[in-house]
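One structure below.
The values are calculated or read from the model by the stated rules, or taken from the named source; none is laboratory data. Please read these numbers as outputs of a predicted model, since none were measured by experiment. Cβ: placed from backbone, ideal geometry, glycine included. Neighbour counts: every protein chain shown.
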Amino acid sequence: MTGKEIINNVLDELDIKAPTLAEQIGVLYQRIFDLQKGKTKKISSQLANAIIKVYPQFQLSWLLTGEGDMLTDAPPQRYHSNARQVDDLSYMNVPVIHIKAQCGYLAGYGDTEYIDTLPTMPVIVDQTYHGKYRIFEAEGDSMDDGSRNSICDGDKLLCREVRRDLWLPKLHINDWYFVIVHRTKGISIKQITAQDDNGNITCHSLNELFNDYTVNLDDVIEIYNVIKVVERSMRL
């Protein structure tokens, strides 16, 4: 029995969906998703132990191999959570751009074949999204001032493209942080604090150690609104 078959049997037995299981056992949804898609072939011992810690009715050996009985003699456990149940939960797969690999993106941002080679990350959504989306991974601490509004090193940010015809006369600079893809300066994540009639924008970092600077929109390839942080490492 494959890892895909095992995890689907677990979900069927518990009558829950994959995102719910991931939340209950304290793992990233990506790990369950990779099993369901066959990208990961077997359930790891770490994941199996996370499952039986919450649901001890499953046999550890069955989770690891698919052989033998699925259930033990332990009474079935039902996880009690204060999480809101969302009906018809769905997801979209979004290309991930690592800032360290930005040179490749600058060369291939308009090439569909190149975009198709990028890794993707499933993002849970409960509404229909329109437009072009990317996930950018932040690097450095220029947008980290220690506040709850910070963007930290390693954060993965779901971003929606701002169409070029909406750049002028004014971007909605008071509503969003922005990802700015510049022809020569590369990719940066900034707050835009000013925009003049000539298309010059002032890029501001939350960290006061970094100075503001100005770029002209003629030198910018793409602009994205930062919608939300979809992954943040809590490692100390």
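Values as computed for the structure displayed
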| read-out | value |
| --- | --- |
| Helices (runs of 4 or more DSSP H) contained in segment 1-108 and holding at least 1 residues of a type in the set (Ser, Thr, Tyr) and at pLDDT 90 or above | 45-54, 60-65 |
| Subset tally (residues that are of a type in the set (Val, Ile, Thr) and modelled with pLDDT under 90) for segment 149-176 | 0 |
| Single condition LYS132 does not satisfy, out of (1) closer than 16 Å to ILE97 by Cβ; (2) buried (at least 16 other Cβ atoms within 10 Å of the Cβ) | (2) |
| Filter result for VAL181 (in contact with a Lys or Arg (Cβ under 8 Å, 6 or more places away or on another chain), touching a residue at least 40 places away in the same chain (Cβ under 8 Å) and of a type outside the set (D, E, K, R)) | no |
| Cβ pairs under 9 Å, 6+ apart, first in segment 25-44 and in the same structural domain as PHE58 (by TED's automatic domain parsing), second of a type in the set (Phe, Trp, Tyr) and surrounded by fewer than 18 Cβ atoms within 10 Å (Cβ to Cβ) | ILE25/TYR79; TYR29/TYR91; PHE33/TYR91 |
| Criterion violated by LEU166 - all others in (1) within 25 Å of VAL96 (Cα to Cα); (2) in contact with a strand residue (DSSP E or B) (Cβ under 7 Å, 6 or more places away or on another chain); (3) surrounded by fewer than 20 Cβ atoms within 10 Å (Cβ to Cβ) satisfied | (2) |
